[in-house]
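The values are calculated or read from the model by the stated rules, or taken from the named source; none is laboratory data. These numbers were taken from a predicted model, which means no experiment stands behind them. Positions of Cβ are backbone-derived with ideal geometry, glycine not excepted, and every protein chain shown enters the neighbour counts. Only protein heavy atoms, including side chains, enter the accessible area calculation; ligands, DNA and RNA are left aside. Shrake-Rupley method; radii C 1.70, N 1.55, O 1.52, S 1.80 Å.
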Amino acid sequence: MHLAKLFAMTALGVLGARSAQADEQLRQLAATLFGRVESASQSATPEVELGRTLFWDTRISADGKTACASCHPAANWGADSRRFSTDARGALTPRQSPTIFNAATQPALRWLGDRKDFAEQAEGSLTGSMGFATKDVAVERIKDLQYEAAFRRAYPQDPQPVSAANYGRAIAAYEATLSTPAPFDRFAAGDDAALSASQQAGLRVFIDTGCAGCHNGPLLGGKTFQKFGVVKDYWLETSSEKPDVGREAVTKKEEDRYVFRVAMLRNIAKTVPYFHDGSVDRLDRAIRVMATLQLGKTLDDASVASLVSFLESLTGDIPANYAPPGQPAQK
């Protein structure tokens, strides 16, 4: 049975009889479908502190002006507010840069799922967004910046601690600390006051309409792939650009044309613009597009408003360590 259909049937069974226990029933269903995001340890281990420093250091780039943080500003909750980011070569990235908050638990990263984890992503960025010709050139830049002592503290058993692989490992260790528990998680844990009545109503709509068929698990997405509806027709309505073929570019399989990783919805109210192409700049518009393309439904204004309200409950606080070492979190 299709997952979305199963969720819809479960929702109808659990939520059909609305009573004084309706909130508890909704909470139990939410816990089953989604689970919770927990606070991550922010222990300042040598590896985490090294990763934090590297993440914010603009000097580790071909132009000396670009850092990992450049595409993931705190003001946009770890995502880029631009449709496409500018890399250290002055070129635009091919897809919108999504948030890195809570992303460490995803089984694959980026819109095409072509990086298995943050370590691989960070290492690859040296010759990608950071603009270096080779990883060896990048490692020499890191050494020139007097990082060797910090790498030795982080990786004391490694005879050659300063390496592209350890650069990736350190940044991954830091990024794993960037979780953002939200009001939704408090509600799922038993706090009745964590969600407003409109947010709880939006949660019901989210489940009843089938959104949870793709957007499930603690991140409400981020672990599966889905064809982006009738993406070609959507592109023709909104853009003169050539459609992005999606995972077909990686797998070379026609069935993967227009297939992208399902976006996680954590902090979604703060991470505008939306979709792999950054083509939609309003959350209510994004909801309507996905309802049409993925669910074949036209939602009324009340349903859209309640969904927006629910999605706002997925916004957590910017992690306290999301800033260069020694500085408070950037707001």
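Non-local amide H neighbours of GLY246 (under 5 Å, H modeled in plane, Pro and chain starts lacking H): which ones?
HN-HN under 5 Å from GLY246: TYR258.
If you place +1 on the Cβ of every Lys and Arg and -1 on the Cβ of every Asp and Glu, how big does the dipole about the Cα centre of the chain come out, in debye to the nearest 20?
The dipole magnitude comes to about 320 debye.
Name the residues of the range 188-219 whose amide N is less than 17 Å from a point 7 angstrom out from the Cα of GLU24 along the C-beta direction?
In the range 188-219, the label zone of GLU24 (backbone N under 17 Å from the point 7 Å along Cα→Cβ) covers 188-194.
Starting at the first residue of the range 45-57, write each ³J(HN,Hα) from the Karplus equation 6.51 cos²θ - 1.76 cosθ + 1.60 with θ = phi - 60°, in whole Hz, x for Gly and Pro.
Per residue, the Karplus-derived 3J(HN,Hα) values read 6, x, 5, 5, 5, 5, x, 4, 5, 4, 4, 9, 8 Hz.
Tell me, what ³J(HN,Hα) does each residue in the range 190-198 have, in order and in whole Hz, if you take phi through Karplus 6.51 cos²θ - 1.76 cosθ + 1.60 with θ = phi - 60° and put x for Gly and Pro?
x, 8, 5, 8, 5, 10, 6, 4, 5
Within the set of other residues whose C-beta is less than 14 Å from the C-beta of ALA108, count the net charge using Lys and Arg as +1 and Asp and Glu as -1.
Around ALA108, the surrounding residues sum to +2.
Where the centroid of each part is defined by its Cα atoms, how far is the range 300-320 from the range 37-95 in Å?
Centre-to-centre distance over Cα atoms comes out at 25 Å.
Of the options GLN226, ALA119, ALA79, report the single residue whose Cα projects farthest towards the positive end of the charge dipole of the chain (beta-carbon charges: Lys, Arg +1; Asp, Glu -1).
Checking the options against the dipole of the chain, the answer is GLN226.
If amide hydrogens are placed 1.01 Å from N in the peptide plane, which non-local residues have theirs closer than 5 Å to the one on ARG115?
Excluding prolines and chain starts, which carry no amide H, the hits are LEU109.
Return the carbon/sulfur percentage of the accessible area of the chain, one whole number, probe 1.4 Å, all protein chains in place.
In the chain, the share of accessible area belonging to carbon and sulfur is 52 percent.
Go through LYS116/LYS270; LYS135/LYS242; LYS227/LYS252 and tell me which ones have a Cα-Cα distance over 20 Å in this structure.
Cα-Cα > 20 Å for LYS116/LYS270; LYS135/LYS242; rest within.
Residues in the range 311-331, backbone N under 17 Å from the label point at ALA269 (7 Å along the Cα-to-beta-carbon vector): list them, ranges by number please.
311-319
Could you report the chain's accessible area per residue, 1.4 Å probe, as an integer in Å²?
For the chain, the solvent-accessible area averages 46 Å² per residue.
Taking θ = phi - 60°, what integer Hz values does the Karplus form 6.51 cos²θ - 1.76 cosθ + 1.60 yield along the range 246-262, in sequence order, with x for Gly and Pro?
Once rounded to whole Hz, the list reads x, 5, 4, 5, 9, 8, 6, 10, 4, 5, 9, 5, 6, 9, 9, 5, 5.
Helix 22-33 against the longest principal axis of the chain: what's the angle in degrees, Cα atoms only, rounded to the nearest 10?
Tilt of helix 22-33: around 40 degrees.
Please identify every one of the GluC sites (Glu not before Pro) in the range 26-108 that sits in a loop by DSSP and has no more than 15 other beta carbons within 10 Å of its own beta carbon. Don't skip to the answer; put the middle values down first.
Working: sites: GLU38, GLU47, GLU49; in loops: GLU38.
Sites meeting the loop and neighbour criteria: GLU38.
Take the chain, connect every pair of alpha-carbon atoms lying under 10 Å apart with a spring to form a Gaussian network, then pick out the residue of ALA165, ALA188, ALA91 with the largest mean-square fluctuation.
Answer for the Gaussian network model of the chain: ALA91.
Compare VAL48, VAL245, VAL37 in a GNM of the chain, Cα atoms joined below 10 Å, and give the one with the largest fluctuation.
VAL245
Can you compute the label reach from THR127? Point 7 Å from Cα along the Cβ direction, backbone N cut-off under 17 Å, restricted to the range 66-93.
In the range 66-93, the label zone of THR127 (backbone N under 17 Å from the point 7 Å along Cα→Cβ) covers 88-89.
Given a 1.4 Å probe and the protein chains all in place, what does the accessible area of ASP300 round to, in Å² to the nearest 10?
About 90 Å², rounded to the nearest 10.
Keeping every protein chain in place, order ASP23, ASP114 by accessible area at 1.4 Å, biggest value first, i.e. largest first.
On the way: ASP23 65, ASP114 45 Å².
I get ASP23, ASP114, largest accessible area first.
For PHE225, which sequence-distant residues (separation of 5 or more, or a different chain) have an amide H within less than 5 Å of its own amide H, given hydrogens modelled in the peptide plane?
VAL262
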